[in-house]
Amino acid sequence: MTATISHTRLRVLFAFFTVASLLLSARLAYWQTVGRGDLLSRATDQVHSDLAVAAQRGIIRDRTGAILATTVELRSLYAIPAQMKDSEGHDTRFAVAAALAPILGERPEVLRAAFDSGAEWLFVRRRLPEETAARIAALGLSGVGFEMEPKRLYPNGAVGAQVLGFVSDDGLGQYGVEGSYDDALAGTPGRLAVSRDPANRELALGLRAAVPAKNGDDLWLTVDLAVQNAAERELAAVVEREKAAGGAIVVLDPKDGAVLAMASSPTYDPARVGSANTEALRNRAISWTYEPGSTLKAVTIAAALDKGVVTPSTSYQDVGYAVIGGRTLCNAQCKVYGPTTVTQVLTRSQNAGAVFVASKLGAADLNAYLHAFGFGARTGVDLAAETAGIVRPLAEWYPVDLGTISFGQGLSVTPLQLASAYAAIANGGILYRPYVVASRRDADGEHRTAPVAVRRVISEETAATMVTMLTTTVDNGIANAAALKGYSVAGKTGTAQIPSDDGRYVDDAYISSFAGFVPAIDPRMVIVVVLEKPQSKLLGTVPAMNTFKAIATDALRYARIQPDRP
Amino acid sequence: MTFAQAVRAPQARRMPHRPNRQAIAHRRPASRQATRLRAASWEIRSFLLASGVIVACFLLVLLYLAQATAVSAAGYEAQRLLAQRDELRRQNALLVIESARLDSPARVETEAQRLGLVRAATIRVVASEAVAAAR
């Protein structure tokens with residue numbers, strides 16, 4: 001009997017273990033086959049991390065190699081309010097807020113409100129200066145920590161702000177070089193898949209698959225920091241002295257169209273873009289148009305000379321005004337000059353004389369030359385947000401337009417367009433496409449920008465004649481205030497009325513400008529200065545010329561250009 | 001001496017090549033003893049062989065673990081050095097930026113004004129051709 005019971009027990013036990021073994025085997029087989037993928041992914045998720053590796057944004061340098069913009073990792077302060085506790089478990093939010101407030105220049109209540117907002121994790125302040133981050137780290141506060149974030153830095157402050165543009169918080173280039181070359185500067189992010197231990201350290205024996213990030217290209221600009229600084233300093237000074245609404249300066253190398261400096265007022269500090277107004281963000285040298293006034297007479301006369309319809313000595317009888325299309329167009333203050341040559345039209349800046357020259361040329365040719373000089377179309381400069389200006393189609397010209405456009409009213413240009421046109425006169429008649437990026441450097445080496453000669457606008461003879469006439473304008477004419485000791489200067493002043501929204505002109509407000517190049521023989525730089533609504537009004541060209549002189553003096557001295565006059 | 005030779009050595013000592021008279025006189029009991037001895041030596045050999053295999057396996061595992069630990073530790077060290085390198089690079093970048101800020105013409109001008117320096121009114125330029133001709 002006992003043996004029978006024992007045998008039964010053994011059978012039951014055997015059956016139990018058999019079933020248990022079968023169940024376990026089945027479960028094991030399930031996890032090894034059907035559930036394997038799920039199990040594997042859950043295990044992988046625990047130890048593997050797959051991260052995007054940010055590419056380093058390229059450095060922007062001036063033509064001498066000085067850093068204009070670069071990126072560095074800065075510490076951002078974050079907080080986890082739930083972890084703000086001392087060793088005894090007491091809440092330390094108030095103490096943390098009180099400790100951080102004076103360092104961050106913030107009120108403790110504001111920080112405390114942020115900690116009490118209910119957020120589990122929040123940024124307290126992003127991209128802190130290194131000293132500030134170090135001071136906070138030294139406090140050893142609980143519940144706060146640092147995370148590295150890239151920050152675009154501009155070591156020269158506001159100098160070159162409009163040329164450079166800026167980078168938004170999400171890493172996108174905006175305006176200027178940062179905007180137009182964003183793809184090249186940004187680079188390509190990589191990926192890093194690694195196994196990590198519970199302390200988030202990479203395991204040497206684990207999975208490691210990396211696609212390296214491709215850093216952004218470095219850009220070397222044509223801009224010269226010293227000239228740029230001089231241009232911005234002088235522009236800020238003259239805008240303040242003249243209580244002008246704004247202004248712009250362009251400095252070009254006439255030999256190839258390289259932009260040496262480009263200043264715009266009002267301006268902004270790239271480090272504080274958030275507080276800048278929209279107008280300050282606009283680069284007036286390329287994104288703002290104005291009626292050029294008498295600076296355009298040089299273009300009208302160059303066209304007429306090139307076409308052969310006048311010579312410098314061609315004369316007419318000036319009566320103080322000209323009648324065209326049934327409208328009377330006067331000289332400045334309706335002054336009567338009597339017998340006048342074409343050279344004198346330029347040196348005295350006579351409106352009636354410009355109308356005389358334009359009448360000889362004809363509307364079709366004037367329109368064609370304006371387009372040839374690059375007006376009415378974007379110059380193609382490699383900067384974001386360039387505007388084209390307005391030269392109306394010939395079919396839309398009224399008879400009077402031939403007269404007004406001859407002395408720079410009735411069309412609009414950008415300061416850069418005017419500088420390019422003067423560069424064409426200065427270099428012997430070839431219009432170059434202005435450019436800002438001299439070279440791009442990546443892992444493959446340096447890629448230089450080749451200057452682009454757009455077209456020949458006027459003949460070399462015409463250009464030489466124009467240089468002589470413009471030099472006379474400075475030496476003995478209306479632009480005498482732009483004369484520089486030791487250097488020959490060629491240039492022309494401009495005073496233009498400002499069109500209003502109702503199609504008429506604004507009363508008693510002008511745009512004053514000066515466009516010139518130096519030395520007149522073998523020119524090294526074209527400088528255009530434009531002031532919007534200077535308080536000197538009709539005499540606003542004088543501060544414009546003084547600004548030209550100041551920049552030219554600095555730039556010539558800096559570039560060690562030998563004087564060409566005793 | 002090899003491991004097999006070491007295992008055979010005791011048997012060699014217990015089995016002399018020239019048997020004495022007593023051994024010849026008591027032939028059968030001596031044969032049983034020899035059989036027992038042979039069985040015993042086989043057990044010892046097996047034990048030693050198994051022990052040797054186990055010890056070898058243990059040593060191999062230890063070696064592997066030591067290697068794995070060393071690689072892992074080296075990995076942590078490499079990671080620490082990489083982090084240190086990155087931090088040094090960051091500090092270097094900050095210093096380069098500070099240097100650029102100090103070199104900025106705008107800052108130099110401001111500093112010059114603060115020190116009471118004034119811009120030179122005139123700069124004398126000497127033509128190189130004239131100097132060369134004079135020599």
Inset, instruction - Within the stretch A:294-313, work out how many residues are surrounded by fewer than 24 Cβ atoms within 10 Å (Cβ to Cβ) and closer than 29 Å to A:Ala544 by Cβ. - result: 3
Inset, instruction - Considering only residues that are in contact with a Lys or Arg (Cβ under 6 Å, 6 or more places away or on another chain) and within 27 Å of A:Thr64 (Cβ to Cβ), look in the stretch A:236-283 and name the one that is nearest to the other protein chains (Cβ to nearest Cβ). - result: A:Ser264
Legend entry - Within the stretch A:442-478, tally of residues that are farther than 11 Å from A:Ile425 by Cβ and touching a strand residue (DSSP E or B) at 6+ places or on another chain (Cβ under 7 Å): 14
Legend entry - Which numbered condition A:Gln56 fails, given (1) within 30 Å of A:Glu202 (Cβ to Cβ); (2) within 14 Å of another protein chain (Cβ to nearest Cβ); (3) not in a loop (DSSP other than H, G, I, E, B): (3)
Inset, instruction - Pick out, from the stretch A:147-235, the helices (runs of 4 or more DSSP H) lying fully within it that include 1 or more residues that are more than 14 Å from chain B (Cβ to nearest Cβ) and either touching a helix residue (DSSP H, G or I) at 6+ places or on another chain (Cβ under 6 Å) or on the phi > 0 side of the Ramachandran plot (or both). - result: A:161-164, A:176-180
Legend entry - the stretch A:59-70 - residue that is assigned to a strand (DSSP E or B) and under 15 Å from B:Leu95 (Cβ atoms) and, of those, nearest to the other protein chains (Cβ to nearest Cβ): A:Ile67
Inset, instruction - Determine whether the stretch A:57-79 contains at least one residue that is under 30 Å from B:Ile97 (Cα atoms), surrounded by 12 or more Cβ atoms within 10 Å (Cβ to Cβ), out of contact with any strand residue (DSSP E or B) (no Cβ under 7 Å at 6 or more places or on another chain) and not β-branched (Val, Ile, Thr). - result: yes
Inset, instruction - Collect the residues in the stretch A:154-180 that are of a type in the set (Gly, Ala, Ser) and within 18 Å of A:Pro434 (Cα to Cα), keeping them in residue-number order. - result: A:Gly160, A:Gly165, A:Gly176, A:Gly179, A:Ser180
Inset, instruction - Output yes when any residue across the stretch A:197-209 is buried (at least 16 other Cβ atoms within 10 Å of the Cβ), in contact (Cβ under 8 Å) with a residue 24 or more places away in the chain and more than 30 Å from A:Ala285 (Cα to Cα), and no when none is. - result: yes
Inset, instruction - Filter the stretch A:397-419 for residues that are within 34 Å of the chain's Cα centre (by Cα) and farther than 12 Å from A:Glu291 by Cβ and give the result. - result: A:Ser406, A:Pro415, A:Leu416, A:Gln417, A:Ala419
Legend entry - Among (1) of a type in the set (Gly, Ala, Ser); (2) surrounded by 12 or more Cβ atoms within 10 Å (Cβ to Cβ); (3) away from chain A (no Cβ under 14 Å) - the single one B:Ala134 does not satisfy: (2)
Legend entry - the stretch A:475-484: number of residues that are surrounded by fewer than 20 Cβ atoms within 10 Å (Cβ to Cβ), of a type outside the set (A, V, I, L, M, F, W, C) and touching a residue at least 24 places away in the same chain (Cβ under 8 Å): 1
Legend entry - Candidate set from the stretch A:151-180 (those that are in contact with a Gly (Cβ under 7 Å, 6 or more places away or on another chain) and not hydrophobic (A, V, I, L, M, F, W, C)); member that is surrounded by the most Cβ atoms within 10 Å (Cβ to Cβ): A:Gln162
Legend entry - When residues of the stretch B:107-117 are limited to those that are part of a helix (DSSP H, G or I) and surrounded by fewer than 16 Cβ atoms within 10 Å (Cβ to Cβ), the one nearest to the other protein chains (Cβ to nearest Cβ): B:Glu109
Inset, instruction - Determine if the stretch B:91-106 includes at least one residue that is over 22 Å from A:Ala69 (Cβ atoms), part of a helix (DSSP H, G or I) and either within 7 Å of another protein chain (Cβ to nearest Cβ) or among the charged types (D, E, K, R) (or both). - result: no
Legend entry - Contacts under 8 angstrom Cβ, first residue in the stretch A:107-129 being at positive phi, partner of a type outside the set (Val, Ile, Thr), 6 or more apart: A:Arg127/A:Leu74; A:Arg127/A:Arg75; A:Arg127/A:Ser76; A:Arg127/A:Glu149; A:Arg127/A:Lys151
Inset, instruction - Please enumerate the residues belonging to the stretch A:340-388 that are under 30 Å from A:Leu281 (Cα atoms), of a type outside the set (A, V, I, L, M) and buried (at least 23 other Cβ atoms within 10 Å of the Cβ). - result: A:Phe373, A:Gly374, A:Phe375, A:Thr379
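Residue-wise test of (1) within 9 Å of chain A (Cβ to nearest Cβ); (2) more than 30 Å from A:Gly58 (Cβ to Cβ); (3) at pLDDT below 95.
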{"residue": "B:Arg18", "(1), (2), (3)": "no, yes, yes"}
{"residue": "B:Ala25", "(1), (2), (3)": "no, yes, yes"}
{"residue": "B:Gln33", "(1), (2), (3)": "no, yes, yes"}
{"residue": "B:Leu48", "(1), (2), (3)": "no, yes, yes"}
{"residue": "B:Ser51", "(1), (2), (3)": "no, yes, yes"}
{"residue": "B:Leu60", "(1), (2), (3)": "no, yes, no"}
{"residue": "B:Gly75", "(1), (2), (3)": "yes, yes, yes"}
{"residue": "B:Gln79", "(1), (2), (3)": "yes, no, yes"}
{"residue": "B:Ser128", "(1), (2), (3)": "yes, yes, yes"}
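So that you can scan it fast, the table gives a plain yes or no per residue for (1) outside any helix (DSSP H, G or I); (2) closer than 21 Å to A:Ala261 by Cβ; (3) of a type in the set (Phe, Trp, Tyr); (4) touching a residue at least 12 places away in the same chain (Cβ under 8 Å):
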| residue | (1), (2), (3), (4) |
| --- | --- |
| A:Gly428 | yes, no, no, yes |
| A:Leu431 | yes, yes, no, yes |
| A:Arg440 | yes, yes, no, yes |
| A:Ala450 | yes, no, no, no |
| A:Val454 | yes, no, no, yes |
| A:Thr462 | no, no, no, yes |
| A:Thr465 | no, no, no, yes |
| A:Thr468 | no, no, no, yes |
| A:Thr473 | no, no, no, yes |
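The values are calculated or read from the model by the stated rules, or taken from the named source; none is laboratory data. Values in this document were obtained by computation on a predicted structure and should not be read as measured data. Reconstructed Cβ throughout: ideal geometry from the backbone, glycine too, with neighbour counts over all protein chains shown.
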